[in-house]
Amino acid sequence: MPSAFSPARTVVFRLHWALGLTAGLVLALMGLTGALMSYEEAITAFANRDRIQVSAAQDRPPLTPSALAARIEAQLPGQRVSALTLSGDPAQSAVARFARDRAGGRPSPVYADPTEGTVHGPVRLEAFFATVRDLHRWLLLPGEGKGWGRTITGACAIALLVFLGSGLYLRWPGRHRWRVWLRPNLARPGRARWWSLHAVAGTWLLPVYAVSALSGLWWSYDWYRAGATWLLTGQALPAQAAQRAPGGKPPDGKIPEGKTPEGTPAIDIAWAEFSATHTASVATLTLPGPEAAAIRIRWYAPDSNLRNEATYDARTGAGLTDKRAADAALGSRLADNMLEVHRGRFFGAPVALLFCLAALVLPGFFATGLTLYLMRRRAGQRRVPGRASRPAEASVQG
């Protein structure tokens, strides 16, 4: 083991605090925004509790997706429904999301009665959480996902992995005193107390931060996503599925887009088939554009946080694919539900809460690290000239 005075240990120590004073601030911001996003659905549901419940009698059957979309669009002229989120609970409102307008903006989604199509109002906090997501992903910098913001947050995710490795290296004791490793000694004076708190908390949360960083890189770098997909599934990252039919027209040129020869909208046929063969707590139905090749339905089974997906032919409504998380290998489930892995929900509700708390603790690591740095600088200014200097924190065993 390198001593506290070894050049290697000194370099690692300085790298740790240098990253802490730079990437640490960004990670603190990402932690706060990530914690908010962990329970976005629950917070949004509470804020919209008066619009989520359907007050009308429930003896009426729900409208077909095409009819529901048409009634919503009739109440909101100039807006085109692009997706419907439908609940398995008949007392729950549907959520309609809209295509971008000519200016590139996207209107706020709305709640609507699934049996009448009556719009209850926009989804409250949607704009707030959209800002939180943009702040978390690319720091609200210009260019969004294609600008410098995405590069910076990706680099900070890598810095978090460096923090974990360097912190573990600096903590590694001469004797394996696990009690010291896992319990902070707040009775120590000065820097030793703050270092103990900083290091012990980092040790406990190391697995959580490792999963958060490794899964967060999924959206930062295409090469990383391709490599992770290959490791998890043994397959190359598939190219984006074609969303448009060749030439924008049906091969035979006879069937109108989105309708069968009998005139029934293909989306209604697809939804009827889906409803007859799947039990979903919530399903998001993507309404195809005039040249789309497939209708996509993403859904969640009751008491499950794992996403499933079914696709149907956009011209006939016939089933194409049916991917169920329960039938997939572990690697495929991880790859298909990386967002839930990132949030901790993949591992269950208690772990999701742990991930949220760990995200909230990230600003604490920045604060304690900054405190240690300032205390060390102050001590260095008072140090007697000629006295050998060394990083005090690096000498703390455990």
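May I ask you to list the residues in region 93-105 that are assigned to a loop (DSSP other than H, G, I, E, B), hydrophobic (A, V, I, L, M, F, W, C) and either touching a strand residue (DSSP E or B) at 6+ places or on another chain (Cβ under 8 Å) or within 17 Å of Thr44 (Cα to Cα) (or both)? Steps first, please.
Restricting attention to region 93-105, the residues satisfying the condition of being assigned to a loop (DSSP other than H, G, I, E, B) are 93, 99-105.
Cutting the leftovers down to hydrophobic (A, V, I, L, M, F, W, C) gives us 99, 103.
Within region 93-105, Ala99 is the sole residue that qualifies.
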*How do the pairs read when you match residues in region 129-154 that are touching a residue at least 40 places away in the same chain (Cβ under 8 Å) with residues anywhere that are open to solvent by 60 Å² or more (accessible area, probe 1.4 Å), using Cβ under 6 Å and keeping only pairs 6 or more apart or on different chains?*
Val132/Leu36
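Out of Val95, Val119, Val26, I need the residue that is closer than 30 Å to Leu139 by Cβ, free of Cβ contacts under 8 Å to residues at least 60 places away in the same chain and open to solvent by less than 70 Å² (accessible area, probe 1.4 Å). Which one? Write out each step before concluding.
On the way: Val119 fails: closer than 30 Å to Leu139 by Cβ; Val26 fails: free of Cβ contacts under 8 Å to residues at least 60 places away in the same chain.
Going through Val95, Val119, Val26 in turn, just one is closer than 30 Å to Leu139 by Cβ, free of Cβ contacts under 8 Å to residues at least 60 places away in the same chain and open to solvent by less than 70 Å² (accessible area, probe 1.4 Å): Val95.
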*asked:* If Thr131 meets every condition in (1) open to solvent by less than 60 Å² (accessible area, probe 1.4 Å); (2) within 30 Å of Arg71 (Cα to Cα); (3) among the β-branched types (Val, Ile, Thr) apart from one, which number is that one?
replied: (1)
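Suppose we filter Trp178, Trp172, Trp204, Trp138 for residues that are surrounded by fewer than 19 Cβ atoms within 10 Å (Cβ to Cβ), at pLDDT 90 or above and of a type outside the set (Lys, Arg); which single one remains? Walk me through it before giving the result.
Numbers: Trp178 fails: at pLDDT 90 or above; Trp172 fails: at pLDDT 90 or above; Trp138 fails: surrounded by fewer than 19 Cβ atoms within 10 Å (Cβ to Cβ).
The unique qualifying residue is Trp204.
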_Only listed residue being of a type in the set (D, E, K, R) and touching a residue at least 40 places away in the same chain (Cβ under 8 Å), chosen from Arg106, Arg102, Arg71_ = Arg71
*open to solvent by less than 30 Å² (accessible area, probe 1.4 Å) and farther than 16 Å from Phe355 by Cα: does that describe Thr33?*
no
*Considering only region 65-92, how many residues are open to solvent by less than 80 Å² (accessible area, probe 1.4 Å) and under 21 Å from Phe46 (Cα atoms)?*
8
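Among the residues of region 48-56, are any open to solvent by less than 30 Å² (accessible area, probe 1.4 Å) and in a helix (DSSP H, G or I)?
Here is the first cut: in region 48-56, the residues open to solvent by less than 30 Å² (accessible area, probe 1.4 Å) are 48, 52, 54, 56.
Retained after the next criterion (residues that are in a helix (DSSP H, G or I)): 52.
Yes, region 48-56 has at least one match.
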*Checking Gly149 against (1) buried (at least 16 other Cβ atoms within 10 Å of the Cβ); (2) within 26 Å of Leu29 (Cα to Cα); (3) modelled with pLDDT under 95; (4) more than 17 Å from the chain's Cα centre (by Cα), which single condition isn't satisfied?*
(4)
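Within region 263-301, restricting attention to residues that are among the polar types (S, T, N, Q) and assigned to a helix (DSSP H, G or I), which residue is least open to solvent (accessible area, probe 1.4 Å)?
Step by step, filter region 263-301, then rank; the result is Ser275.
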*asked:* Just the residues that are under 34 Å from the mean Cα position of the chain (by Cα) and open to solvent by less than 40 Å² (accessible area, probe 1.4 Å), please, taken from region 5-17.
replied: Val12, Phe13, His16
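Yes/no matrix, rows are residues, columns are (1) modelled with pLDDT under 95; (2) over 20 Å from Phe163 (Cβ atoms); (3) within 15 Å of the chain's Cα centre (by Cα); (4) surrounded by 15 or more Cβ atoms within 10 Å (Cβ to Cβ):
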residue	(1), (2), (3), (4)
Leu357	no, no, no, no
Gly369	yes, no, no, yes
Tyr373	yes, no, no, yes
Gly380	yes, yes, no, no
Pro385	yes, yes, no, no
Ser389	yes, yes, no, no
Ala392	yes, no, no, yes
Ser395	yes, no, no, yes
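The values are calculated or read from the model by the stated rules, or taken from the named source; none is laboratory data. Remember, it's a predicted structure, so these values are computed and weren't measured experimentally. Cβ coordinates were reconstructed from backbone atoms using ideal geometry, including for glycine residues, and neighbour counts include every protein chain displayed. Keep in mind that these areas ignore ligands, DNA and RNA; they rest on the heavy atoms of the full protein, side chains included. Shrake-Rupley method; radii C 1.70, N 1.55, O 1.52, S 1.80 Å.
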